[in-house]
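Below is one structure, written out as structure tokens; comments come after it.
The values are calculated or read from the model by the stated rules, or taken from the named source; none is laboratory data. Note that this is a predicted model, so its numbers are computed, not measured. When we count neighbours, we look across all protein chains shown, and the Cβ atoms used for this are built from the backbone with ideal geometry, even at glycine. These area figures cover heavy atoms from the full protein model, side chains too; ligands, DNA and RNA do not enter into them. Shrake-Rupley method; radii C 1.70, N 1.55, O 1.52, S 1.80 Å.
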Amino acid sequence: MDSSADDVETVRQALIRLMAIADRLESRNAHTVQRIEAATAALEQGVSRLDAGGERFAERALQVIGNNAQQAVAQGAGQAVDELRQRLQQSANSAQAAARAMDEQRRGLTSARHSLVWNAAVALLLGSLLAMGSAAWTIHRSAQQLAQLHFGQDILRATQRGAINRCGDSLCARVGRKPARFGKDGQYVLLDD
């Protein structure tokens, strides 16, 4: 009975440790998701500023070149500005692709966190069922042992009262003049007190 109590306590302690691990993992996942979301937002802001700054720069450059240079120089500068704008656009596109990839990773981490929470809940449920099964088996076994103990005490009392005795090499029982019969076919008789 002590070993089953130890088993139940061991299972309970394991369940507590499992719940603590699940809580720590969920906290770490939430912190990682927050960091990814903050980095994504900062990256998107940087992309927006870079795109707006590039356009202002291009417009300003075109204005200055248009006012101070000849038509040929203005055309050459326009091509350079277009190339710069294209490169800036490519950089902005790359930054947006990185932001989308980080968002996908965040969603994957959120999904993994939910899966981990469900797995922990199933593990806790299984552990609880095992603990309950162990306790039920222990109670059943104790009830059987208690019934055997009572039977042995009943035999001892009947022997002490003389209701069961030795008759030569066999056992005999005192049943009285009109014994009460039990069993499906009356194969048992009540011992006389």
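Among the residues of the range 136-193, count how many are part of a strand (DSSP E or B), among the hydrophobic types (A, V, I, L, M, F, W, C) and open to solvent by less than 100 Å² (accessible area, probe 1.4 Å).
5
Exactly one of these conditions fails for ARG87: (1) of a type outside the set (Asp, Glu); (2) more than 30 Å from ARG60 (Cβ to Cβ); (3) open to solvent by 100 Å² or more (accessible area, probe 1.4 Å); (4) free of Cβ contacts under 8 Å to residues at least 24 places away in the same chain. Give me its number.
The single condition ARG87 does not satisfy is (2).
Taking the condition touching a residue at least 60 places away in the same chain (Cβ under 8 Å), within 18 Å of ALA14 (Cβ to Cβ) and among the small types (Gly, Ala, Ser), does GLY127 pass?
So GLY127 passes the test.
Quick check on VAL122: is it loosely packed, with under 12 Cβ neighbours inside 10 Å, over 30 Å from ARG60 (Cα atoms) and among the β-branched types (Val, Ile, Thr)?
yes
So, of the residues in the range 7-58 that are more than 24 Å from the chain's Cα centre (by Cα) and among the charged types (D, E, K, R), which turns out to be surrounded by the most Cβ atoms within 10 Å (Cβ to Cβ)?
Quick first cut of the range 7-58, residues more than 24 Å from the chain's Cα centre (by Cα) only: 37-58.
Within this subset, residues satisfying the condition of being among the charged types (D, E, K, R) are 37, 44, 49, 51, 55-56.
Numbers: GLU37: 13, GLU44: 14, ARG49: 10, ASP51: 17, GLU55: 12, ARG56: 10.
So, considering only residues that are more than 24 Å from the chain's Cα centre (by Cα) and among the charged types (D, E, K, R), the one surrounded by the most Cβ atoms within 10 Å (Cβ to Cβ) is ASP51.
Which ones in the range 1-52 are among the acidic types (Asp, Glu) and out of contact with any Asp or Glu (no Cβ under 9 Å at 6 or more places or on another chain)?
Once the filter is applied, which keeps residues that are among the acidic types (Asp, Glu) and out of contact with any Asp or Glu (no Cβ under 9 Å at 6 or more places or on another chain), the range 1-52 yields ASP2, ASP6, ASP7, GLU9, ASP23, GLU26, GLU44, ASP51.
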